[in-house]
1. Taking neighbour counts of Cβ atoms within 10 Å as a proxy for exposure, in what order, fewest first, do A:8, A:155, A:199 appear?
2. May I ask you to derive the relative contact order of chain A, considering only C-alpha pairs under 8 Å and at least 6 residues apart, and to give it as an integer percent?
3. How do A:268-274, A:156-162, B:284-290 rank on mean C-beta neighbours within 10 Å, highest first?
4. From other protein chains only, count the Cβ atoms within 10 Å of every residue's Cβ in B:19-28, then give the mean.
5. Going 7 Å from the Cα of residue B:375 along its beta-carbon direction, which residues of region B:251-290 have the amide nitrogen within less than 17 Å of the resulting point?
6. Given contacts defined as C-alpha pairs under 8 Å and at least six residues apart, what's the relative contact order of region B:255-387, whole-number percent?
7. Using a Gaussian network model of chain A with C-alpha springs under 10 Å, which one of A:247, A:130, A:259 is most mobile by mean-square fluctuation?
8. Tell me, what is the percent relative contact order of region A:1-146, built from C-alpha pairs under 8 Å that lie six or more residues apart?
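Derivation of every value follows stated rules applied to the coordinates shown; laboratory data play no part. These numbers come from a predicted model, not from an experiment. All Cβ positions, even for glycine, are placed from backbone atoms using ideal geometry, and neighbour counts span all protein chains on display.
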């Protein structure tokens, strides 16, 4: 049985539950998990129940990296570090927004831990509000499309680059839609000494508005359209990318999600889709995806 | 001066006390006037005198957060901060207490901004009153240092398991050089056993910390914190007495009286101002005046029963507060003392004075002025609460 046990309260088709399961599949029992506040934390631990088959701690929304660094320091001080892996699993809000300072501090100090961002591109736990991981023109409850708006006006923050700039020995992107690839990267991140980072793209059926049975399909479309490039960086240098054979146009990814529906119905929408296509084209060029 | 005494800065005495308590993890961020404590601790670590992970973190918020992780992993943990740093920790203070983690922190009391001011008052720790932390207030340097092992012992008690603050007045105690006895390692080992928690993060025995509690269970978590504070109330006296047995020093447990038994006017206060009040009382007693002191050492848990008993014979009660609840025109001690007397037979006036804000000195002349005002109460002339040391040219 998975170390993330059944009976939790995740939605059917939940990307976070998949991510949590894959992380524990990769790391095994000798792992301590730190969660910031978020969907994964809430739906796995309705007191007195817990879905976690490994030691798990949640403190606050913005401090998971600091808590994880304290766990690591304590294990070292108590002579219990041995091979125990410490992993923080946070959502995009907890990682790119409110927890950024604590993450920067923990990476600068060089603790031996892995931070995994499960990025579903908005504050899903509080009801689909935009975060700095929300992509251009996604409609959320705080960046809704409207008569004079195409939705979220900002581009997604490039978090892997920020972590790489801290001198992290290993930064990777992954997707819940490519489980073997994700598991391999999480395992590698945990085995490398020092602070390492895996940024996992995680389609949220509730927030992105698609059927719960389509999580993997939507995740694959993000990769196949180059909206989510899969790559590894070692010591700041891109060392491995997942190449695309027959890249699809971004419309194929956008049209299956309710959060982009307005781009296909509003006047001028097709012009705006070109801007999203330009993001995918930049990814292809920057990471050499083709 | 006793032979074993040395003249050191208050911060050094505290840092040394921390060292002999053998913490496993220290995490801190520098802020005036706490800096000397963490500098001294860093030096101990650099010199290999402490077998401890010393973490230089990027904010007070991460300092306390790292200790939440470390404490949950089974480590003895310590930090120190003040003022803005303590305010920045606010959210995590509730969390540390709710998770029942016995973190010990020296709060070097300082005023809060705006206007920015680095000097002493007690607004910072008083403003964290309801976070679920034990709060003791030290009178002098020796007590500030001696509180550290006392609070580790108290916080780590399985019946308590609450974090605690050792509060010492900024500059007045942190930067003063006084003769003190540095805590002996041997005596401290005898007094304070190693921390061995029943619950911790350990892959051999997985547990979940910090779960989500809905309305059907949340209330009982709060109830149990309150119950643990009740246990602390009983044990503060015990640990102070055990400390006396081993080290030979005693400061009172929850409260301490001075010239109290027959006093008609009783002054109540916390922290370093106690010394000034004692000197003033000595003078006034010499002149035949009936004035006494009730030092409040434990503000959380609040020793309501002990205070009621100690105030039985008082005719006028005077509270001194280095803080204010703006909009109530009252300091916290004043409010709490009034409240604890309300459902009792003690029907005497309680008058409050707010003073010493932002480092304004409290000379004996101010204490005398306050006592003179207390004497007018018999004639029915009094205000319930006021600033004691306002500058008329600025007010």
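1. Going from least to most buried by this count: A:155, A:8, A:199.
2. With pairs under 8 Å counted, the relative contact order is 16 percent.
3. With the highest mean Cβ count within 10 Å placed first, the list reads A:156-162, A:268-274, B:284-290.
4. 2
5. Backbone N within reach: B:263-267, B:280-290.
6. Averaging sequence separation for qualifying contacts and normalising by length gives 27 percent for region B:255-387.
7. A:247
8. 21
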